[in-house]
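J.: My questions all concern the structure below.
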Amino acid sequence: MMTQVFDSPEQLYRSLPSMDSLLAADASQSLKQQYGKGELKTAINQLLQQARRNIAEHNSLPSWLASSEMTFEYLAQHLQQQHQLSLRPVHNLTGTILHTNLGRSQQSEAAIEAVTQVMRYPTPLEFELQAGKRGHRDNAVSSLINRLTGAEACCVVNNNAAAVLLMLSSVCAGKEVIVSRGELVEIGGAFRIPDIMRQAGCTLVEVGATNRTHLRDYENAITENTGAIMKVHTSNYHIQGFTAAVDESTLGQLCRERGIPLISDLGSGALTDLRRFGLKQEPMPQQMLADGVDLVSFSGDKLLGGPQAGLIVGKQALIAKLQSHPLKRALRCDKLILAALEATLLHYLNPETLDSELPIMAKFARSQAELAEQAAHFVAQLTPVFAPKFQLQAVECQTQVGSGSQPDTHLPSVALAFSAQTGELSKLEQHFKAHSRPVIGRIANEQLLLDLRGADDFELLLQTLRELGASA
Ligand SMILES: *Cc1c(COP(=O)(O)O)cnc(C)c1O
């Protein structure tokens with residue numbers, strides 16, 4: 001950094017290469033080809049400004065101006081960084097499998113292949129091949145979802161928040177919707193049940209108390225203006241102690257007697273029993289429908305393991321209202337999503353291979369013993385690379401499902417735990433995140449923890465950590 005420290009600033013400024021000489025250099029030609037002349041000029045400008053700042057502040061030229069090779073290497077690096085995709089793969093070792101900020105569910109190879117095909121070629125999105133007439137874009141998914149859940153019909157939108165908005169807007173606008181006080185959920189962001197009601201033009205009628213709601217509370221609240229009774233799955237919290245809620249089959253009976261629809265926001269929903277992983281059973285749409293719920297909504301990218309989507313399943317007549325509502329046009333899914341969703345749902349027809357085909361199931365299925373074995377290997381390989389500044393050990397930890405699902409259930413897991421002197425740990429965390437394939441962990445108890453349950457490729461992760469250790 002301190003090259004030519006004896007020169008005066010004027011001499012240093014004069015020694016800077018000119019824009020024209022840099023642009024004309026042989027080494028610039030391939031960069032010009034790759035990034036375009038405009039981008040190359042912008043980058044050169046930025047670097048020259050950086051150099052001028054360096055002179056002003058340190059009375060020296062930056063080290064990358066020491067030779068022409070170093071200058072062009074630095075320029076190439078700068079351009080590469082500027083053009084690197086921000087949505088690139090990371091190692092999610094946070095201990096949260098369905099991490100909303102890291103894109104929730106990872107998808108199966110079949111889903112990836114399906115998306116690639118519809119990106120590359122035309123596809124009969126709204127076209128019935130046999131009849132040769134216009135079809136409906138939700139059809140590809142509908143027949144599968146109906147088979148899997150026993151629904152009469154289905155409607156697919158952008159996410160579950162959209163699904164709830166569409167259900168309420170289409171079925172209950174201008175009417176009262178009865179909800180238990182214990183279920184007035186905030187999902188995060190601006191999604192709160194009372195706000196979504198208002199947005200849909202419904203009047204929220206709260207019944208019961210926060211901890212207890214009874215059948216008579218619902219009964220007493222029904223008027224001639226009732227549009228629906230709504231159940232909301234309290235996915236991201238759990239009320240314990242002196243509690244009571246009315247189950248769907250009891251409410252289903254009440255609603256049938258009174259001729260009002262029963263609708264349910266399931267949140268995650270799951271099409272498969274999760275108890276085999278040591279998780280709790282998440283309420284399943286097929287069970288809800290069997291219990292007499294008329295419309296059930298759930299997410300595509302939570303425990304289903306597919307793309308971001310909102311699925312609404314239920315009675316044909318009500319789904320038809322949703323499909324013909326103007327909001328549906330605004331909330332409909334793109335062909336990429338529908339292709340991924342169809343491929344994901346197909347896996348559910350073969351439960352024997354589900355846990356190996358769907359990445360989130362594969363991650364749930366990992367045993368702690370298997371992870372401990374991996375961790376021991378990592379510690380042995382990496383300790384010499386990170387020593388003496390950082391110490392490394394394998395520790396037991398707990399993995400969360402994430403996305404607000406099952407907040408009080410955890411899977412026993414194993415983490416690589418890095419420790420160091422105070423201050424060094426957060427620097428290490430930053431260093432891990434600055435890699436071209438960022439490694440994202442979490443700091444707890446003065447350790448940087450990398451929960452191995454979230455790893456996608458142990459070999460690649462080891463390689464990434466070796467590089468990071470060598471440059472830490
Ligand atoms: C997650 C969740 C939503 C929102 O679903 P998105 O797919 O994220 O839009 C709505 N309701 C409940 C109960 C949820 O758990």
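J.: How much accessible surface does residue 206 have with a 1.4 Å probe, in Å² rounded to 10?
T.: Ignoring ligands and nucleic acids, residue 206 comes out at about 80 Å².
J.: Tell me, what % of the accessible area of the chain is carbon and sulfur with a 1.4 angstrom probe?
T.: Here it works out to 49 percent.
J.: Once you have the Cα-Cα distance between residue 18 and residue 184, take 0.36 nm times their residue separation minus that, and quote the gain in nm to one decimal. Spell out each step's value before the answer.
T.: Details: separation 166, 0.36 × 166 = 59.76 nm, distance 6.43 nm.
Additional length available on full extension: 53.3 nm.
J.: Distance between Cα centroids, the range 400-472 to the range 211-269: provide it in whole Å.
T.: 42 Å
J.: Also, I was wondering about something else. Summing Lys, Arg as +1 and Asp, Glu as -1, what charge do residues with Cβ under 14 Å from the Cβ of residue 120 carry, residue 120 excluded?
T.: Taking every other residue near residue 120 into account, the sum is 0.
J.: Going by a ≥ b ≥ c, the root eigenvalues of the Cα gyration tensor, does the range 109-357 fall in the rounded group (a/c under 1.5), the prolate group (a/b larger than b/c) or the oblate group?
T.: Cα axes put the range 109-357 in the prolate bin.
J.: What share of the DSSP beta bridges in the chain is antiparallel, in percent to the nearest 5?
T.: For the chain, the DSSP antiparallel bridge percentage is about 60.
J.: Charges at C-beta only: +1 for Lys and Arg, -1 for Asp and Glu. How large is the resulting dipole of the range 109-357 about its Cα centre, in Debye rounded to 20?
T.: In debye, rounded to 20, the range 109-357 gives about 540.
J.: Based on the alpha-carbon gyration tensor of the range 195-234 and its eigenvalue square roots a ≥ b ≥ c, which shape applies: rounded if a/c is under 1.5, prolate if not and a/b is larger than b/c, or oblate? List each step's numbers first, then the result.
T.: On the way: a/c = 2.30, a/b = 1.25, b/c = 1.85.
Oblate.
J.: Given H placed 1.01 Å from N in the peptide plane, which residues other than close sequence neighbours of residue 443 have an amide H under 5 Å from its amide H?
T.: 449
J.: Which listed residue (406, 205, 368) has the Cα farthest towards the positive end of the charge dipole for the chain, taking +1 on Lys and Arg C-beta and -1 on Asp and Glu C-beta about the Cα centre?
T.: Comparing the listed Cα positions along the dipole, 205 ranks first.
J.: Turning to a different aspect of this structure: Tell me what the chain gives for mean residue ellipticity at 222 nm when only DSSP H runs of n ≥ 4 count, each as -39,500 (n - 2.57), the sum divided by the residue total, rounded to 500 deg cm²/dmol.
T.: -13500 deg cm²/dmol
J.: Determine the per residue accessible area of the range 349-472 with all protein chains present and a 1.4 angstrom probe, expressed in square angstrom.
T.: 46 Å²
J.: Place +1 on the Cβ of every Lys and Arg and -1 on the Cβ of every Asp and Glu in the range 109-357, take the dipole about the Cα centre, and give the residue among 324, 158, 297 whose Cα lies farthest towards its positive end.
T.: Farthest towards the positive end: 324.
J.: Within the set 133/335; 363/427; 231/280; 175/315; 302/335, which residue pairs have Cα atoms separated by over 23 Å? Walk me through the numbers before you get to the answer.
T.: On the way: 133/335 18 Å; 363/427 29 Å; 231/280 19 Å; 175/315 20 Å; 302/335 20 Å.
Distance filter (> 23 Å) returns 363/427.
J.: Under the Karplus relation 6.51 cos²θ - 1.76 cosθ + 1.60, θ = phi - 60°, what is the ordered set of whole-Hz ³J(HN,Hα) values for the range 457-468, x standing for Gly and Pro?
T.: Ordered by residue, 3J(HN,Hα) equals 8, 4, 4, 5, 4, 4, 4, 4, 5, 4, 4, 5 Hz.
J.: Summing Lys, Arg as +1 and Asp, Glu as -1, what charge do residues with Cβ under 15 Å from the Cβ of residue 217 carry, residue 217 excluded? Spell out each step's value before the answer.
T.: Numbers: positive: 181, 212, 216, 231, 258; negative: 176, 183, 206, 219, 247.
The answer is 0.
J.: Once the other residues with Cβ under 15 Å from the Cβ of residue 234 are scored (Lys, Arg +1; Asp, Glu -1), what is the net sum?
T.: On the way: positive: 181, 192, 212, 231, 280, 302; negative: 183, 186, 206, 247, 248, 265, 282, 408.
Result for the neighbourhood of residue 234: -2.
J.: Placing unit charges on C-beta atoms (Lys and Arg positive, Asp and Glu negative, everything else neutral), compute the dipole magnitude of the chain about its Cα centre in debye, rounded to 20.
T.: Working: 41 positive and 48 negative charges, 194 e Å.
Dipole about the Cα centre, nearest 20: 940 debye.
J.: Ok, one more. Rounded to the nearest 20 Debye, what is the dipole magnitude of the range 274-412 about its Cα centre when Lys and Arg each give +1 and Asp and Glu each give -1 at the C-beta?
T.: Approximately 540 debye in magnitude.
J.: With a/c under 1.5 counting as rounded, go ahead and sort the chain into rounded, prolate or oblate using the C-alpha gyration tensor (a ≥ b ≥ c being the square roots of the eigenvalues; past the cut-off, prolate if a/b is larger than b/c, else oblate). Before the final figure, lay out the partial values.
T.: Working: a/c = 2.31, a/b = 1.83, b/c = 1.27.
Cα axes put the chain in the prolate bin.
The values are calculated or read from the model by the stated rules, or taken from the named source; none is laboratory data. Quick caveat, the model's predicted, so the values are computed rather than measured. Cβ: placed from backbone, ideal geometry, glycine included. Neighbour counts: every protein chain shown. Remember, those area values only see protein heavy atoms, side chains included, never the ligands or the DNA or RNA. Shrake-Rupley method; radii C 1.70, N 1.55, O 1.52, S 1.80 Å.
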